[in-house]
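Trainee: Below you'll find the structure I mean.
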Amino acid sequence: MRDVAVIGIGINKWGELWEKSIREIFVEAALKAIDDAGVDHIDSMYVGNMSSGLFVGQEHIGALMADYLGVTPIPATRVESACASGGVAVRQAFIEVASGMSDIVLAGGVEKMLDVDGGEATLALATAADQEYEVYNGVTFPGLYAMIAHLHMQKYGTTSEQLAAVAVKNHHNGKLNPNAQFPFEVTVEQVLNSTMICDPLHLLDCSPITDGAAAVILCPLEMASKFTDKQPVKITGVGQATDFLALHQRKDPCRLEAVEIAAKNAYKMANKIPKDIDLCEVHDCFTIAEICVVEALGFAEKGKGGSDFLPAEACMPGA
């Protein structure tokens, strides 16, 4: 397989983008990535998206985005993998470039989730859970992660303050990003005093819905210098795995086995171990999710994602 590099990136300001359609949001990020890469065409593209049919009534968005971006008749494929849709789109683009099938591939992700009310959004997001065994019986994603949080607390002594510390850290990082939806700091006290959504998860333990898009341009590493003078970023490892969808079928709901397997494969491919990693960006749909993810990635011992991984000062009330 060929070595693959990222040579261009594009992202827009995330938030309530009432004046823009889903196609405009995606194309804006895609054009920024194309311009950043310095390429004059793309051979193929992948569009990561979870539920455009439910949020804006639009399916078949691979073809739609290719049309509106002006790149037809290239292959354009929508990738749906719930919260991992954008990441899987990048993986598919990586495989296409590495295999030699295409040289310049765009991978992006887009969501437009704020055109519906909260109830409709909750139902749309719940389609990523098991409909017959979970959603039919009234379970929502806050409910599922609340159960994980309660079990983690019971088994390992994780506290609400440690959950809140995840939000404190992430809001601090978000404040540094000009494209963030909510670029402001919060304290542990504010998280704990925010509205209870599903015990023990407060409002600030839960991620918001949003409108926004991001895109990257991939090409063979050996060709990167033909398009840009910038230092290309080599993709050294990728991984993907699946687990039982319904929470009750898993041996240990606190253990994200799919994440463990995907990480193991990515580490092996890159010839790295967790201690080699200087920066990680992990999924934080709920604060407990990040704690479980850092354990699954090997950055913290099992059960200690809330106590060992986070700085102690972030867990202090009022911090």
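Trainee: With a cut-off of 8 Å between alpha carbons and a minimum separation of six or more residues, what is the relative contact order of the chain in percent?
Mentor: Details: 603 pairs, mean separation 80.0, N = 319.
In percent, rounded to a whole number, it is 25.
Trainee: Can you tell me the 0 to 90 degree angle between the C-alpha axis of helix 22-37 and the longest principal axis of the chain, rounded to 10?
Mentor: 60 degrees
Trainee: Take every Cα pair under 8 Å in the stretch 148-286 that's 6+ residues apart, average their separations, divide by the length, and report that relative contact order as a whole percent. Write out the running numbers ahead of the final one.
Mentor: Details: 114 pairs, mean separation 27.4, N = 139.
After rounding, I find 20 percent.
Trainee: Averaging sequence separations of C-alpha pairs under 8 Å and six or more residues apart, then dividing by the length of the stretch 155-229, give the relative contact order as a whole percent. Mind showing how you got there, number by number?
Mentor: On the way: 56 pairs, mean separation 17.0, N = 75.
About 23 percent, as a whole number.
Trainee: In the structure displayed, which of K226/K272; K155/K251; K155/K275; K32/K230 lie more than 20 Å apart, Cα to Cα? Don't skip to the end; give the middle numbers.
Mentor: Values: K226/K272 29 Å; K155/K251 14 Å; K155/K275 26 Å; K32/K230 15 Å.
Long pairs (Cα-Cα over 20 Å): K226/K272; K155/K275.
Trainee: Tell me, Kirkwood radius of the stretch 118-260 from alpha-carbon pair distances, in Å?
Mentor: Values: mean 1/r = 0.0543 Å⁻¹.
It is 18.4 Å.
Trainee: Now, a different point. Given [x] 24, 23, 20; [y] 58, 25, 21; [z] 33, 23, 19, which label gives semi-axes √(5λ) of the Cα gyration tensor in Å as computed from the coordinates?
Mentor: Recomputing semi-axes √(5λ) of the Cα gyration tensor in Å here gives the entry labelled [z].
Trainee: Let me ask something else about it. Whole-Hz Karplus ³J(HN,Hα) for the stretch 54-66, in order, using 6.51 cos²θ - 1.76 cosθ + 1.60 and θ = phi - 60°, x for Gly and Pro?
Mentor: Coupling constants for the stretch 54-66: 8, 7, 10, x, 10, 9, 6, 7, x, 5, 4, 5, 5 Hz.
Trainee: Using the Cα centre as the reference, give the magnitude of the dipole from point charges on the C-beta atoms of the chain (Lys, Arg: +1; Asp, Glu: -1; all else neutral), rounded to the nearest 20 debye. Let's see the in-between values first.
Mentor: On the way: 23 positive and 42 negative charges, 162 e Å.
Using Cβ point charges on Lys, Arg, Asp and Glu, the chain gives about 780 debye.
Trainee: Still on this structure, please answer the following. Charges at C-beta only: +1 for Lys and Arg, -1 for Asp and Glu. How large is the resulting dipole of the stretch 1-72 about its Cα centre, in Debye rounded to 20?
Mentor: On the way: 5 positive and 11 negative charges, 27 e Å.
Value, rounded to 20: 120 debye.
Trainee: For the stretch 1-137, take every pair of Cα atoms, bin their distances at 5 Å starting from 0, and report each bin as a whole percent.
Mentor: Histogram of Cα-Cα distances, whole percents per bin: 2, 10, 19, 22, 19, 12, 8, 5, 2, 1, 0.
Trainee: Enter the mean projected area of the convex hull around the alpha-carbon atoms of the stretch 64-129, in nm², rounded to one decimal.
Mentor: Values: hull surface 21.7 nm².
Mean projected area for the stretch 64-129: 5.4 nm², to one decimal.
Trainee: Under a 5 Å amide H to amide H cut-off, with H placed in plane at 1.01 Å, what residues pair with D243 once short-range neighbours are removed?
Mentor: none
Trainee: Could you work out how far the C-alpha centroid of the stretch 153-188 sits from that of the stretch 43-80, in angstrom?
Mentor: Comparing the Cα centres of the stretch 153-188 and the stretch 43-80, I get a distance of 33 Å.
Trainee: Also: If you take every residue apart from G100 with its C-beta less than 12 Å away from the C-beta of G100, what net charge results, scoring Lys and Arg +1 and Asp and Glu -1?
Mentor: Values: positive: R2; negative: D3, D43, E96, D103, E222.
Net charge around G100: -4.
Trainee: Here is a further query. Name the residue from P75, G138, S194 whose Cα lies farthest towards the positive end of the charge dipole of the chain, charges +1 on Cβ of Lys and Arg and -1 on Cβ of Asp and Glu.
Mentor: Farthest towards the positive end: P75.
Since every read-out is calculated from the coordinates, none of them should be taken as a lab result. Treat the numbers as computed from the prediction; the structure is a model and nothing was measured. Here Cβ is always computed from backbone atoms with ideal geometry, including for glycine, and neighbour counts include all displayed protein chains.
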